[in-house]
Amino acid sequence: VEGDFAAGDPVDLCGPLGGVVARGLVNFDAGEIPDLLGRSTRELGASLGPEYERELIHRDDIVILESHH
């Protein structure tokens, strides 16, 4: 997680080589994300409350960008 952003902001998603591969509307603030990574939405909802039982970026709110090989 890099930069400072709030829930609802558009963010770039980068691949392993650092290139932007997608752009989407994030559901959490930048500071919240490190503690959420690797946990299922069900687990997050059970431990943190129902407001955390959602995706980092929902598939309806993401655009996959064209790959340039």
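List of remarks:
- Calculated FRET value between Ser47 and Asp4, using beta carbons and R₀ = 30 Å, to 0.05: 0.75
- Solvent-accessible area of Ile62, all protein chains in place: 60 Å² (probe radius 1.4 Å, heavy atoms, ligands and nucleic acids excluded).
- Summary value for the chain: 32 percent relative contact order, contacts being C-alpha pairs under 8 angstrom separated by 6+ residues.
The values are calculated or read from the model by the stated rules, or taken from the named source; none is laboratory data. Quantities reported herein were computed from a predicted structural model and do not represent experimental measurements. So basically every Cβ, Gly included, is an ideal-geometry build from the backbone, and we count neighbours across all protein chains shown. Accessible surface areas use protein heavy atoms only, side chains included; no ligands, DNA or RNA. Shrake-Rupley method; radii C 1.70, N 1.55, O 1.52, S 1.80 Å.
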